[in-house]
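Chemist: Below is a structure I'd like to ask you about.
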């Protein structure tokens, strides 16, 4: 019994030295070490307070199995791998010393000085600091307080870049108002440097308080508190519907402050759905201003035209049809209150019982 035990220890020591020489991986501690063959392959098993090191990367677990032919070591149970700046934890990690790639399985977590990443699975490259993840991905940009979800993606820790290509969602929480800005899309590119930026592509939806906006492509800049909407943008705020060629949404401490529309700009307000009364404002550009979560003013500029129904104390007062260089619509408590026309004005007032039709020369 004594000689085989010595032979086993020598074989194990030889195995450790070999993979230490090839890749720099070395065993620091294990309570117990055994060696065996599985399907003709030499396998070394380490159990109890296992600690390995490769260059500046330290690896801890309850049990480790080294497969000599595959040049792979499996870390199992309470697995933690750290290079001093980034720490990876998982139920199981298959580690390849030659390439420094860790295939992480089960409740995977990556923590770095500026980001957190959780997923069901990811492959992490300790050389490139990149993670390719799948299944319930969650990324938290600590520096910019932005959270991202998805089903499949890539996280580049060195360049602070993330890409989600399935069921992407970005969230920024307004803690002061218990409100949240949410962007969903088919795919999302996120740049988390000092000036962070998100680019959402296909089936994009933005919601924030009473605002909902959709488009094909959106660029959101958290630091600038601005979202640019491209390709068929539309927005709804309370009973107002906005559309145009391009749209820009401005926030103030995450509260919606202004919506700017350019190119075939249209703002529609449903004055009375039962009577089919629809207020409509058109122009080359429209600025929709919001205060305390309520519409305050709409300004239509260049080739402006409007049809607005007036109401006082719950009674119809007729409607106003106007064309001008600039048209101002003022709100009071979220409802249309008054209209002001500036430059080249041409307006007509129609009383409530007027039965004719006004030709606005719609675009």
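What follows draws every value from the coordinates through simple rules; no lab data is involved. Keep in mind it's a predicted model, so treat the numbers as computed, not measured. Reconstructed Cβ throughout: ideal geometry from the backbone, glycine too, with neighbour counts over all protein chains shown.
Chemist: How would you rank 32-45, 234-247, highest first, on the average number of other Cβ atoms within 10 Å across their residues?
Modeler: The most tightly packed comes first, giving 234-247, 32-45.
Chemist: So how do 299, 173 line up by other beta-carbon neighbours within 10 Å, fewest first?
Modeler: Arranged by neighbour count, lowest to highest, 299, 173 become 173, 299.
Chemist: A follow-up question, please. By count of other Cβ within 10 Å, fewest leading, how are 155, 29 ordered?
Modeler: In order of increasing Cβ crowding within 10 Å: 29, 155.
Chemist: Provide 166, 322 in ascending order of the number of other Cβ atoms located within 10 Å of each residue's Cβ, fewest first. Before the final figure, lay out each step's value.
Modeler: Details: 166 13, 322 21.
Lowest count first: 166, 322.
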